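Data block below; observations after.
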Amino acid sequence: MTEYKAIFEKIESTLINIGSQNLPANEIRANLDAFKKLEGKVFTDAEYYWILVYVVFYSGFKAATVNEKLDLIRKYFPDYRTVSKYGDNKIMEILNDIDMIKNRRKIQACVDNAKTFKSIVDENGSFQAYIHSFAPTASFENLMLLKEELEYRFSGLGRITTYHFLTDTGLPVIKPDRVICRIFKRLGLIESEEQLLKTVIQGRKFAEAINQPVRYVDIVFVAYGQVKSGDFGLTSGICLENSPLCSLCGVINDCKYYNEKKKRETLST
């Protein structure tokens, strides 16, 4: 039987202990706790559209690449009503900006999505009302129906990206990106990093075990496995894709990857 609470607490404490070498532990704690406040938050239409924009740009790109361009991206995509009026000339203007991420597909998706977003708001009164119409927190089935609807209606939202949007809008679902899928596979919680739905379900089990929002579970695991997490004092992640820092990890006894690695090393000596 998987000890979800114990595993999470080991990862959480390891994250804070190592990060506190570069950042005060209380500051790390405060930065982490901010992610406990997203679930149930009411977002404005402007906030929903901005999340939709940056999620599209993050998809398939390194976070650091997008992070340094966020201000410029927001400049070109300030609100859905403005962007819904963009034509080919505006798209070419954006593409010709030497400082902008030059990906026509993503730029076009944000323009198309502004038009779809506007029609949804005009029909429902607000995007929040549209989300609420699915009652996504009433059942996992409702949440998955909303996920399917968003993936169908909006450009640039795919199998993982749609989960990213749901996660960042405070809904109870983890984002099954490469980092989280890798850690869950190493812990033996999933058999393949392609098992997105199973990853999502496992994330919900962690949240239930620690009685915290899924978004909090998400950020702790992401910080633990991504290359850099400056807000949490880490100059390097711990459960990295290449050369993971197993000697620092708090869950090596629970880690299938680590134990198989040690077994191979023993057999080769």
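Looking only at segment 244-269, which residues are crowded, with 17+ Cβ neighbours inside 10 Å and either in contact with a strand residue (DSSP E or B) (Cβ under 6 Å, 6 or more places away or on another chain) or of a type in the set (D, E) (or both)?
Within segment 244-269, just D254 meets the criteria.
A quick yes/no check of all residues on (1) basic (K, R); (2) open to solvent by less than 10 Å² (accessible area, probe 1.4 Å); (3) under 20 Å from the mean Cα position of the chain (by Cα):
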residue: C110; (1), (2), (3): no, yes, yes
residue: N113; (1), (2), (3): no, yes, yes
residue: F140; (1), (2), (3): no, no, yes
residue: E149; (1), (2), (3): no, no, yes
residue: R159; (1), (2), (3): yes, no, yes
residue: T167; (1), (2), (3): no, yes, yes
residue: C181; (1), (2), (3): no, yes, yes
residue: L187; (1), (2), (3): no, no, yes
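I'm trying to understand the selection: among the residues of segment 60-69, which are open to solvent by 40 Å² or more (accessible area, probe 1.4 Å) and aliphatic (A, V, I, L, M)? Spell out the reasoning first.
To start, the set of residues in segment 60-69 that are open to solvent by 40 Å² or more (accessible area, probe 1.4 Å) comprises 60-65, 67-69.
Of everything in segment 60-69, those that are open to solvent by 40 Å² or more (accessible area, probe 1.4 Å) and aliphatic (A, V, I, L, M) turn out to be A63, A64.
Please return the ranges of helices (runs of 4 or more DSSP H) entirely within segment 51-170 where 1 or more residues are over 30 Å from K198 (Cα atoms).
Filter on segment 51-170 gives 70-76, 80-83, 88-95, 104-124.
Go through segment 73-102 and give me each residue that's closer than 20 Å to D168 by Cβ, open to solvent by 30 Å² or more (accessible area, probe 1.4 Å), more than 20 Å from the chain's Cα centre (by Cα) and not acidic (D, E).
Listed by number, the list holds a single entry, P78.
The values are calculated or read from the model by the stated rules, or taken from the named source; none is laboratory data. Quick caveat, the model's predicted, so the values are computed rather than measured. Glycine gets a Cβ as well: all are built from the backbone with ideal geometry, and neighbour counts include every protein chain shown. The accessibility values were calculated without ligands, DNA or RNA, using every heavy atom of the protein model including side chains. Shrake-Rupley method; radii C 1.70, N 1.55, O 1.52, S 1.80 Å.
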